[in-house]
Amino acid sequence: MAEEREREKVFKLRWLVLFIMGLVIFGSYYAYDAISPIADFIMKGLNISRAQYGLFFSVYSLPNFIMVLLGGILLDIIGIRKAGILFAALCAAGVFLTAAGPTFLIMLAGRFLYGLGSESLIITMDKIISKWFRGKELSLAFGLNITIARLGTFAALNSAARIQAWSGSWRLAIWISAIIMFVSFALFLVYAGIDKAKEKYLTEEKEKTEKFVFEDVYRFRAPYWYVSLLCMTFYSAIFPFTAFSTVFLQSKFGLTAVQGGFYTSLVITGSMIFTPLFGLLVDKIGKRATLMIVGSLMLIPTHLTLGLTYIHPAIPMIVLGISFSLVPAALWPSIPIMIEEKRLGTAFGLMTLIQNIGLTIFPWLAGKITDLSGGDYTNTMLMFASLGFIGAIFSILLKISDSKAKTGIELPTKIAQAQ
């Protein structure tokens, strides 16, 4: 009885753990996006093309063709705390190298090192939340964590250009991201101390881990693959766009870097507000495949409006933010419903790998298309709209295949989990 009371006290710490992990991922998201509002200054300062600038995002994703799988295996072998400290340290070292690198190639090496740790750190965070919120408010916890993480993107998009304008140095903006990432690393050490002190109360038995077994891939049915392909196309229409959107808005609408960063941040603001709310809605009504169709279709008119018209960018940016909330709120919770628990590690790792294929190719491709168009972004925006169209096809195929496979993703969460 005394141990049961102590266990309840420990579980009350879950909100503190959620806050700490949110701040850890805040730092990682800030570092990823801090270079976006100062893209023009970086290209001029380093004398590089748009395609070369796009490599800052491509090399981040490049190691995650393999690392997200290796990161999952490492989590199983050495445990959450040791693996998480390693991943957070790689992030901090990579951002430091990016800030300190005297040449373009050394800065690219820093982004590569940062990418080596960041995606695996996110998988670690997912496992930590699952551990501390097991049987509790799991969906809400994931939604709130996404909100805090995207606050990092919001902060980066609204501060980096201001730092550059205030100091006259685009490198200072990157150094600020390095300092924030080091704070995130320190916070993970704080979490590790809490987890070590309270671990025996968190599970009834020794913590179970999901091993990444390649043969499990053959057991995944068609709905899983459609969700994974949608994940790749959807995020490839969002993140590569936001990487160039500040300089795009400067070029087309005559905005300053600060204004461009602000309007880009509207995408993140929308996702911060609506993702937890859509998560609660999805738990209530289900309809995950249906909502993914709606969210994917929203990308098409949004990118076409930005690329082909001169409608004020605030409107399409807000719509893009709603789409960026709706699809993730339906997409990520679909995996635990359609995949059995012992294969979740493999499922999430493989889906992240597929996602990173797109996030490696499309930032470079977006820059290359713009370079070939003489600095005009119209064809690039048509590419992003096309990704929305392809994503909509995958989500429709998901709905059709789910009606045959009966995975339960269209059902409310309680009913789906009961089945």
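Bear in mind that the values in this text are calculations on the coordinates, not laboratory data. These numbers were taken from a predicted model, which means no experiment stands behind them. So basically every Cβ, Gly included, is an ideal-geometry build from the backbone, and we count neighbours across all protein chains shown.
Here are the numbers:
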item: Cβ charges +1 (Lys, Arg) and -1 (Asp, Glu), total dipole of region 213-419, debye; result: 420
item: Unit charges at the beta carbon, dipole of region 262-410: most positive-side option, Leu350, Ile315, Asn379; result: Leu350
item: In region 213-419, lysine pairs closer than 25 Å at Cα, eight or more apart or cross-chain; result: 17
item: Lys/Arg +1, Asp/Glu -1 at C-beta; the chain dipole; positive extreme among Pro276, Phe41, Ile25; result: Pro276
item: Equivalent ellipsoid dimensions for the chain as semi-axes, Å, which come from the Cα gyration tensor, largest first; result: 33, 26, 19
item: Unit charges at the beta carbon, dipole of region 213-419: most positive-side option, Ala222, Pro328, Leu255; result: Ala222
item: Expected 222 nm ellipticity per residue - DSSP helices of 4 or more, -39500 (n - 2.57), all of the chain, to 500; result: -27500 deg cm²/dmol
item: Full-extension gain in nm, Ile393 to Leu280, via 0.36 nm per residue minus C-alpha separation; result: 38.1 nm
item: Span-rule helices in the chain, defined as complete DSSP H runs reaching 24 Å or more along the axis (Cα) with Kyte mean at least 0.0; result: 14-33, 80-100, 104-132, 138-167, 170-198, 257-285, 288-308, 314-331, 344-372, 378-405
item: In range of the label at Leu172: residues from region 97-118 whose backbone nitrogen is under 18 Å from the point 7 Å along Cα→Cβ; result: 99-101
item: Projected label distance in nm at Arg219 and Leu308, using a 7 Å step from Cα toward the beta-carbon; result: 4.7
item: Rg in Å to one decimal, and Dmax rounded to a whole Å, for region 308-383 via C-alpha atoms; result: 17.2, 51
item: Exposure proxy ranking, count of Cβ atoms within 10 Å, fewest first, for Glu119, Glu340, Glu410; result: Glu340, Glu410, Glu119
item: Computed FRET value (nearest 0.05) for Ile106 with Ala165, which takes r as the C-beta separation and R₀ as 22 Å; result: 0.30
item: Lys, Arg +1 and Asp, Glu -1 on Cβ, resulting dipole of the chain about Cα centre, debye, nearest 20; result: 320
